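Colleague: Structure in structure tokens, see below.
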Amino acid sequence: MRWWDIEPVLGLEAELFPEDAWSAEMFWSELAGARGPRPSRRYVVAEGPDGRLVGYGGLGVSGDSGDVMTIGVTEDHQGTGLGARLLSELLAAAAGFGCREVLLEVRVDNERAQRLYTGFGFAPVGVRRGYYQPGGHDALVMRRELEPTEEKKEEDG
């Protein structure tokens, strides 16, 4: 994801998450962490054959822990495996950052996403009451352990 993707991402964000869509400022802030000498973020987009944005995802890293910050897929591309490909890319990035675990929050009523995450080895670890604002929806917190990549193992000694 680059700065020129923010406007189309915002359109999809408003469509998918009308009550709690991220603002442009939130995306700008996240993208700022994806560049420079010590990046701590990885954001990706997916485009259809016509060049239209059809999905996006983001990962934040702190120490050896990663957080799937967001994943969104257009309604007409849901169920095609695009969400799984985006999640795979984020998990690969987390491993590349040397993360030993990845966490995420998902609305408790989003069973489709929960099935995707469970299929990737995420397990529920708790609930954050009223997490999604302003609607006050609860979030299920899920966690997956990761093995460090071979490059990271060599760096660590």
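The values are calculated or read from the model by the stated rules, or taken from the named source; none is laboratory data. If you're wondering where the values come from, they're calculated on a predicted model, not measured in any experiment. Counting neighbours? That spans all protein chains shown, and the Cβs are built from the backbone with ideal geometry, glycine included. Only protein heavy atoms, including side chains, enter the accessible area calculation; ligands, DNA and RNA are left aside. Shrake-Rupley method; radii C 1.70, N 1.55, O 1.52, S 1.80 Å.
Colleague: Give segment 17-31 a look and list any residue that's assigned to a helix (DSSP H, G or I) and either surrounded by fewer than 17 Cβ atoms within 10 Å (Cβ to Cβ) or of a type in the set (Lys, Arg) (or both), or say none.
Modeller: Taking segment 17-31 first, the residues assigned to a helix (DSSP H, G or I) are 24-31.
Of everything in segment 17-31, those that are assigned to a helix (DSSP H, G or I) and either surrounded by fewer than 17 Cβ atoms within 10 Å (Cβ to Cβ) or of a type in the set (Lys, Arg) (or both) turn out to be ALA24, GLU25, MET26, TRP28, SER29.
Colleague: State all residues of segment 46-64 that are in a strand (DSSP E or B) and over 19 Å from SER29 (Cα atoms); if no residue qualifies, say none. Let's see the steps before the verdict.
Modeller: Initially, segment 46-64 is screened for residues in a strand (DSSP E or B), giving 46-47, 53-62.
Within segment 46-64, ALA46, GLU47, LEU53, VAL54, GLY55 qualify.
Colleague: Next question, about the same structure. Which of the numbered conditions does GLY57 fail, given that it passes all the others? Conditions: (1) closer than 22 Å to PHE122 by Cα; (2) touching a residue at least 60 places away in the same chain (Cβ under 8 Å).
Modeller: (2)
Colleague: A further question on this structure: Just give me the residues in segment 98-130 being in contact (Cβ under 8 Å) with a residue 40 or more places away in the chain and part of a loop (DSSP other than H, G, I, E, B), in sequence order. Break it down stepwise before answering.
Modeller: We begin by selecting, within segment 98-130, every residue in contact (Cβ under 8 Å) with a residue 40 or more places away in the chain; these are 98-103, 113.
Across segment 98-130, the qualifying residues are GLY98, CYS99, ARG100.
Colleague: Looking at this structure, is LEU53 among the aliphatic types (A, V, I, L, M) and within 14 Å of ARG2 (Cβ to Cβ)? Step through it out loud before you land on a result.
Modeller: Working: among the aliphatic types (A, V, I, L, M): yes; within 14 Å of ARG2 (Cβ to Cβ): yes.
Yes; evaluated as a whole, the condition is true for this residue.
Colleague: Can you tell me which residue is nearest to GLY60 (Cα to Cα) among those in segment 96-115 that are open to solvent by 50 Å² or more (accessible area, probe 1.4 Å) and out of contact with any Asp or Glu (no Cβ under 7 Å at 6 or more places or on another chain)?
Modeller: Of all residues in segment 96-115, those open to solvent by 50 Å² or more (accessible area, probe 1.4 Å) come to 96-97, 100, 107-112, 115.
Remaining after also requiring out of contact with any Asp or Glu (no Cβ under 7 Å at 6 or more places or on another chain): 96-97, 107, 109-112, 115.
On the way: GLY96: 12, PHE97: 10, ARG107: 19, ASP109: 24, ASN110: 22, GLU111: 23, ARG112: 23, ARG115: 22 Å.
Applying the filter and picking the extreme gives PHE97.
Each row is one residue, and each column tells you yes or no for (1) modelled with pLDDT of 95 or more; (2) more than 12 Å from the chain's Cα centre (by Cα); (3) of a type in the set (Lys, Arg); (4) surrounded by fewer than 15 Cβ atoms within 10 Å (Cβ to Cβ).
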site	(1), (2), (3), (4)
VAL54	yes, yes, no, no
GLY57	yes, no, no, no
GLY60	yes, no, no, no
MET69	yes, no, no, no
ASP76	no, yes, no, yes
GLY79	no, yes, no, yes
GLU89	yes, no, no, no
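Colleague: Name the pairs: first residue in segment 5-20 and farther than 13 Å from GLY57 by Cβ, second residue small (Gly, Ala, Ser), Cβ to Cβ under 7 Å, at least 6 apart or on different chains?
Modeller: ILE6/ALA24; LEU10/ALA24; ALA14/ALA21; GLU19/GLY135; ASP20/GLY135
Colleague: Name the residue, out of ALA84, ALA93, that is in contact (Cβ under 8 Å) with a residue 40 or more places away in the chain and either surrounded by fewer than 18 Cβ atoms within 10 Å (Cβ to Cβ) or under 14 Å from the mean Cα position of the chain (by Cα) (or both). Outline the logic, then answer.
Modeller: Values: ALA84 fails: in contact (Cβ under 8 Å) with a residue 40 or more places away in the chain.
None of the other options fit; the residue is ALA93.
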